[in-house]
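Here the structure is laid out as structure tokens; the discussion comes afterwards.
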Amino acid sequence: MPKYKTALVTGGAGFIGSHIVDALVKKNMKVFVVDDLSSGRQSNVSAKAEFKKCSIASPEMVAYLKEIKPDVIFHCAAQVNLRNSLIDPPSDAHTNIMGTINIVHTAASIGVKKVIYSSTGGALYPETAKLPATEEVPAEPSSPYGISKRSAEMYIHYEHQVHGMPYVTLRYANVYGPRQNAKGEAGVISIFAENMVKGNPVSIFGSGKQTRDYVYVDDVVRANMLAMTSSVVGTFNIGTSKETSVNTLFKKLKSLTNYPLQANYLAVIPGEMMRSCLNAKKAKKALGWEPKTKLDEGLKKTAKWFVGTRV
Ligand SMILES: NC(=O)c1ccc[n+]([C@@H]2O[C@H](COP(=O)([O-])OP(=O)(O)OC[C@H]3O[C@@H](n4cnc5c(N)ncnc54)[C@H](O)[C@@H]3O)[C@@H](O)[C@H]2O)c1
């Protein structure tokens with residue numbers, strides 16, 4: 001089993017990245033964090049990590065990487081807002097494609113021992129796929145965000161094939177948990193929880209019957225740790241194989257937060273997928289990963305965090 005001493009977490013001030021930083025600090029690793037704080041917060045970053053504010057797409061990033069030469073990189077930094085990617089594809093591509101090339105091309109040249117990439121399943125597999133979707137379903141991204149995440153995967157694979165850089169790409173379902181930013185549009189659970197805790201109105205777009213596969217952040221962090229310690233290279237779905245509707249989430253969170261109001265049903269968002277769900281049997285076989293946190297347990301922990309921090 002490979003033993004690494006130093007790690008760089010890009011996007012380590014964000015939701016998933018900051019939990020990865022915590023797990024690495026617990027393992028007594030030396031942790032470097034790079035984040036431009038565009039959606040993350042410095043207060044999320046463990047005081048035991050070394051923080052650098054910088055864009056992953058900048059020349060400064062390349063110089064820093066050459067200076068710190070980490071054993072392993074967890075690449076989580078990204079423009080994560082799908083709707084922003086529709087409005088401004090160049091900016092999405094600049095961060096998600098150019099930023100990734102910047103990192104992995106340098107990583108390969110300085111002999112980084114492993115790159116673990118936070119990718120997406122939800123924005124890659126077409127709605128017509130048999131659900132839960134396996135990795136064998138060809139990616140057919142229907143948004144600039146999906147296209148940029150898929151392109152980044154391909155550049156990472158290229159660095160492996162041509163320059164021998166080991167990697168694991170993890171394609172997440174819909175991740176939820178404490179510290180998720182409720183300002184964007186991605187995390188319906190964090191948006192509902194924050195609005196309910198504040199007593200604000202809660203909107204549901206369309207019928208609320210649209211489903212997603214919700215995976216708890218601790219399970220995602222464990223997938224990253226297994227990807228680090230295993231010697232496998234490849235791409236793996238990280239999801240629960242279970243679909244939950246927006247209406248069900250609303251009901252469960254309403255009860256957990258004692259929210260007195262009903263949801264406002266608004267017009268459906270054009271192009272929004274009705275269903276999404278990932279099959280993670282490949283990750284179970286290769287990495288020994290499977291989700292451990294039941295939805296009710298994860299929602300309880302998430303609601304508790306929003307009650308504790310936002311009121
Ligand atoms: N949350 C999910 O459900 C989900 C699902 C699939 C994939 N992902 C992927 O997981 C990763 C982490 O997402 P998250 O949910 O934690 O989002 P997040 O917004 O909390 O984290 C992203 C972090 O990247 C930073 N960042 C953005 N652009 C940057 C740049 N140019 N340079 C440096 N830092 C930059 C942000 O400030 C933020 O801290 C992303 O790559 C995302 O595409 C997330």
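If we keep just the residues of the stretch 276-306 that are under 12 Å from S241 (Cα atoms) and of a type in the set (G, A, S), which is surrounded by the most Cβ atoms within 10 Å (Cβ to Cβ)? Step by step, filter the stretch 276-306, then rank; the result is A280. Scanning the stretch 58-86 for residues that are more than 13 Å from the ligand (Cβ to nearest atom) and modelled with pLDDT under 95 gives R83, L86. Within the stretch 47-57, the set of residues being in a loop (DSSP other than H, G, I, E, B) and either of a type in the set (A, V, I, L, M, F, W, C) or within 8 Å of the ligand (Cβ to nearest atom) (or both) comprises A47, A49, C54, S55, I56, A57. When restricted to residues that are in a helix (DSSP H, G or I) and surrounded by fewer than 17 Cβ atoms within 10 Å (Cβ to Cβ), the stretch 69-83 contains 1. Within the stretch 192-210, residues that are among the acidic types (D, E) sit with their Cβ atoms under 7 Å from residues that are at pLDDT below 95 and buried (at least 16 other Cβ atoms within 10 Å of the Cβ), at 6+ positions apart or across chains, in these pairs: E194/A182; E194/F306.
When the stretch 28-38 is limited to residues that are crowded, with 20+ Cβ neighbours inside 10 Å and within 13 Å of the ligand (Cβ to nearest atom), the one that is farthest from P70 (Cα to Cα) turns out to be D36.
Results for (1) in contact with a Ser or Thr (Cβ under 6 Å, 6 or more places away or on another chain); (2) outside any helix (DSSP H, G or I); (3) at pLDDT below 95, shown as yes or no for each residue.
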residue: M228; (1), (2), (3): no, no, no
residue: F236; (1), (2), (3): no, yes, no
residue: S241; (1), (2), (3): no, yes, no
residue: P260; (1), (2), (3): no, yes, no
residue: A283; (1), (2), (3): no, no, no
residue: A303; (1), (2), (3): yes, no, no
residue: F306; (1), (2), (3): no, no, yes
residue: T309; (1), (2), (3): no, no, yes
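Within the stretch 141-170, the set of residues being part of a helix (DSSP H, G or I) and away from the ligand (no atom under 16 Å from the Cβ) comprises H157, Y158, E159, H160, Q161, V162, H163.
The set of residues in the stretch 88-108 being more than 13 Å from the ligand (Cβ to nearest atom) and closer than 15 Å to I156 by Cα consists of V104, H105, T106, A107, A108. One residue stands out in the stretch 264-275 among those that are touching a Phe, Trp or Tyr at 6+ places or on another chain (Cβ under 9 Å) and in a loop (DSSP other than H, G, I, E, B): the one that is nearest to S241 (Cα to Cα), namely E272. Answer yes or no: is there a residue in the stretch 214-225 that is in a loop (DSSP other than H, G, I, E, B) and crowded, with 24+ Cβ neighbours inside 10 Å. Within the stretch 214-225, none of the residues are in a loop (DSSP other than H, G, I, E, B) and crowded, with 24+ Cβ neighbours inside 10 Å. Checked against the criteria, A263 does not count as crowded, with 16+ Cβ neighbours inside 10 Å and under 21 Å from G177 (Cα atoms). If the condition is being away from the ligand (no atom under 15 Å from the Cβ) and out of contact with any strand residue (DSSP E or B) (no Cβ under 9 Å at 6 or more places or on another chain), then the stretch 1-26 contributes M1, K3, K26.
Residues in the stretch 109-140 that are modelled with pLDDT of 95 or more, β-branched (V, I, T) and more than 15 Å from the ligand (Cβ to nearest atom): I110, V112, T134, V137.
Of all the numbered requirements in (1) more than 20 Å from the chain's Cα centre (by Cα); (2) among the small types (G, A, S); (3) not in a helix (DSSP H, G or I), A107 misses one, and that requirement is (3).
Tell me, yes or no, whether the stretch 175-185 has at least one residue that is buried (at least 19 other Cβ atoms within 10 Å of the Cβ) and more than 15 Å from the ligand (Cβ to nearest atom). Checking the stretch 175-185: not a single residue is buried (at least 19 other Cβ atoms within 10 Å of the Cβ) and more than 15 Å from the ligand (Cβ to nearest atom).
The values are calculated or read from the model by the stated rules, or taken from the named source; none is laboratory data. Because the structure is predicted, anything quoted here is derived from the model rather than measured. Every residue, glycine as well, gets a Cβ built from its backbone with ideal geometry; the counts of neighbours run over all protein chains shown.
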